[in-house]
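Comments concern the structure below.
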Amino acid sequence: MTGVPGMPRTGPNLDGDLERIRSDFPILHRNVGSAGHEKPLIYLDSGATSQRPLQVANAERLFVQTSNAAVHRGAHQLSEEATAAYEGARTQIAGFVGADPGEVVFTKNATEGINLVAYAMSNATTAGDDAARFRVGPGDTIVVTEMEHHANLIPWQELCRRTGATLHWLGLTDEGRLDLSALDEVITPRTRLVAFTHQSNVLGTVNPVHRIVARAAEVGALTLLDACQSVPHATVDFHDYGVDFAVFSGHKMLGPFGVGVLYGRRALLEAMPPFLTGGSMIEFVEMAGSTYAPPPQRFEAGVPAASQAVGLAAAVSYLTSVGMDRITAHERMLTHTALTTLGGIEGVRILGPTTTQDRGSAVSFVVEGVHPHDVGQVLDARGIAVRVGHHCAWPLHRRLGVPASVRASFYLYNRPEEIGTLAEGIEEALAVFGTRKPNPRPLTGKGNDGPKRTATCT
Amino acid sequence: MHLTEEHQAIILDHYRAPHNKGLREPYDAESRHFNPMCGDDITLRVSLEADADPAVIHDVSYDVQGCSVSQASVSVMTDLVIGRSVQEAEELHTEFASLLRDPLPDSLPWPPHLADAVAFRDVSRHPARIKCALLCWVALRKALTAG
């Protein structure tokens, strides 16, 4: 795999290497904006999707140009090379997250990985006794948290609807942490599965995996960890965490779109019924019925996204070459700078923890009196890409009492100076849209020849 | 998103001093419309002139939670439709929506009868924001259809 040959590891964070890293990401050197208003891009939306280094694009291109073939099919050399590249990618990615290769199922993305487990649990109802521990029904509960991304909420709502089980959830403290005081009441012997995020995509909150897994183990519940926002940013070890399942997406960790991973403990994957069925996932097929391949193939029906898996492995090489510890340290520095700089602006409210303790680099905030779209518009005019809206976490925003927010999310390629530009943009949004109102333009009422009412300004 | 200064000024005027804002009684129909992408939310009430045939819009009142574009758009819309027939309001909606979705060349002006709605012309270059400008119009159509 490509990686970053000779990348010096000079210190605990990325100082000195930052510009070299940035040179691997051509997109970071483009300008954005309409003609005459171009600004250098400041990309603060890696929580939605990260940018890709040349090394990843090159790995995909090399595969397509030299070894492109359908994996696990055919006896020709290209197919063998493609299969070796695809399985090599699996091994490398497994090592990156503390898993065995046979425990890594390639999916389209994390969303598909969660749905795979949810539908497999439905399918367990009519599967053999091996699948008994995946069955759920009336009286059983599925537990999530109030900070979940919709991808880790709606599949469980639907599983409950299909099976008659009940959805329960852990609430939040006002600081944006899980309220663990109710842990034992929410996770009970009737709980079949606890699905929770490792790191909130809105609040940045890092949840205490070991503690939740320990409670789930006490009552015999399965666990599923949404690791979309942790795997790209910190060293993770699924074996150490003791989780039963975990998911993450390639495109948030410098990899391509269209490839993600479902991790499952080997013994569980061996007992779990399939979700998608068809080619590649079979053992023996007759017209009247079939038996299925062992995992992970059982869960990879159809020709898989091999070039994307190869690209994701190249992303893992890249991250490893830079060093996950240094990436984490760099992001902590950026997060600290953002929390203090933005938190110091009058009218800005940070959502979630206000220190870097057990906190990742997604920094969401609301600007008093200014709709997030308007903040986003002002920032976009300055070349700054942020996420605005509810970030696929509507119930979380409801809990925080805000309809939507602005999110700046950082990655290894962000410069600390970019946070200063962000702060200037927020100040401008406050001046333009905030409550410090200049006198309005005289109203002409042109075009309205009907009855005119007095404006009711509130 | 980049707005020309002139258009931004019109939007800010309506945003800071919205016309016809608030929910009023009595009314003939009420609707609520959301933009699930950003959580914007409008509740809109329509009252019709008594005994007018064809039906004429007497008042449009509303409560909106949204960005400057969606707030200004409903203010502009009430100016345009109050006192007009339901049929005319429907035609204005169709005309406004098609100008946003299928923009005129920059050299051509918008029809003058759209008045301050011209401020949303720049929004047509930003597909994600067209929904903000149309939020209120869809709510109005819902209310008129329900009524």
### Query
Largest first, what is the accessible-area ranking of A:LYS252, A:LYS39, A:LYS108 with a 1.4 Å probe?
A:LYS108, A:LYS39, A:LYS252
### Task
Specify the angular offset, from 0 to 90 degrees and rounded to the nearest 10, of the alpha carbon long axis of helix A:306-322 from the longest principal axis of the alpha carbons in chain A.
60 degrees
#### Entry: Computed over region A:143-211, Cα set: Rg, Dmax in Å
11.9, 35
## Note on the structure
Computed ³J(HN,Hα) along region A:88-93: with the Karplus parameters 6.51/-1.76/1.60, θ = phi - 60°, integer Hz and x for glycine or proline, the list is x, 4, 4, 4, 5, 5
### Query
Mind checking the angle between helix A:110-123 and chain A's longest principal axis? C-alpha axes, 0 to 90 degrees, to the nearest 10.
50 degrees
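List the accessible area buried at the contact between A and B, summed over both sides and calculated with a 1.4 Å probe, in Å² to the nearest 100.
Working: alone 19850 and 7700 Å², together 24370 Å².
Accessible area lost upon association: around 3200 Å².
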### Query
Once amide H atoms are placed 1.01 Å from N in the peptide plane, what residues at a sequence separation of 5 or more from A:ILE282, or on another chain, have their amide H within under 5 Å of its amide H?
A:ALA293
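If r is the Cβ-Cβ distance from A:THR291 to A:SER181 and R0 is 51 Å, what FRET efficiency results, to the nearest 0.05?
Details: r = 47 Å, r/R0 = 0.93.
E between A:THR291 and A:SER181, to the nearest 0.05, is 0.60.
Students sometimes get this wrong: rank B:TRP137, A:TRP169, A:TRP394 by accessible area, probe 1.4 Å, all chains present, largest first. Before the final figure, lay out the partial values.
Values: B:TRP137 5, A:TRP169 135, A:TRP394 70 Å².
Largest accessible area first, the list is A:TRP169, A:TRP394, B:TRP137.
Out of the total accessible area of chain B (probe 1.4 Å, heavy atoms of protein only), what percent is carbon and sulfur?
On the way: 3300 of 6150 Å².
Of the solvent-accessible surface of chain B, carbon and sulfur hold 54 percent.
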### Query
What does the accessible area per residue of chain A come to in Å², with a 1.4 Å probe and no ligands, DNA or RNA counted?
40 Å²
#### Entry: B:GLU49, B:GLU91, reordered so the largest accessible area comes first (probe 1.4 Å)
B:GLU91, B:GLU49
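Once neighbouring chains are kept in place and the probe is 1.4 Å, which whole percent of the accessible area of region A:181-283 is contributed by carbon and sulfur? List each step's numbers first, then the result.
Details: 1670 of 3170 Å².
Ligands and nucleic acids excluded, carbon and sulfur reach 53 percent.
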### For q = 0.08 Å⁻¹, Debye-computed log10 I/I(0) when each Cα of the protein assembly as shown counts as one equal scatterer
-0.67
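How big is D, in µm² s⁻¹, for region A:241-308 by Stokes-Einstein at 37 °C and 0.692 mPa s if Rh is the Kirkwood radius over C-alpha pairs?
Values: Rh = 13.4 Å.
Rounded to a whole number, D works out at 244 µm²/s.
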### Task
May I ask you to give the average projected area over all directions of the convex hull of the Cα atoms of chain B, in nm² rounded to one decimal?
8.3 nm²
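Counting helices only, and only those DSSP H runs with n ≥ 4, report the 222 nm mean residue ellipticity of chain B as the sum of -39,500 (n - 2.57) divided by its residues, in deg cm²/dmol to the nearest 500. Intermediate results must be reported in sequence, preceding the final value.
Values: 4 runs with 62 residues, N = 147.
The helix-only estimate for chain B comes to -14000 deg cm²/dmol at 222 nm.
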### Task
Compute the accessible area per residue over region B:5-146, keeping the other protein chains in place, probe 1.4 Å, unit Å².
42 Å²
### Summary
With the full set of protein chains present, the residues of region A:380-397 whose 1.4 Å probe accessible area falls by 50 Å² or more relative to the chain alone are A:TRP394
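In chain A, once you exclude exposed GluC sites (Glu not before Pro) (DSSP loop, at most 15 other Cβ within 10 angstrom), what's the longest stretch remaining? Show your work: numbers first, answer last.
On the way: sites that count: A:GLU38, A:GLU175, A:GLU346, A:GLU368.
The answer is A:176-345.
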### Query
Roughly what angle does helix B:68-81 make with the longest principal axis of chain B, taking Cα atoms, 0 to 90 degrees, to the nearest 10?
50 degrees
### Message
I'd like the residues of region B:87-135 whose 1.4 Å-probe accessible area shrinks by no less than 20 Å² going from the isolated chain to the full set of protein chains.
### Response
B:ALA115, B:ASP116, B:ARG129
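The values are calculated or read from the model by the stated rules, or taken from the named source; none is laboratory data. All values derive from a computational prediction rather than experimental measurement. Glycine gets a Cβ as well: all are built from the backbone with ideal geometry, and neighbour counts include every protein chain shown. Each accessible area value is taken on the protein alone, full model and side chains, heavy atoms only, with ligands, DNA and RNA left out. Shrake-Rupley method; radii C 1.70, N 1.55, O 1.52, S 1.80 Å.
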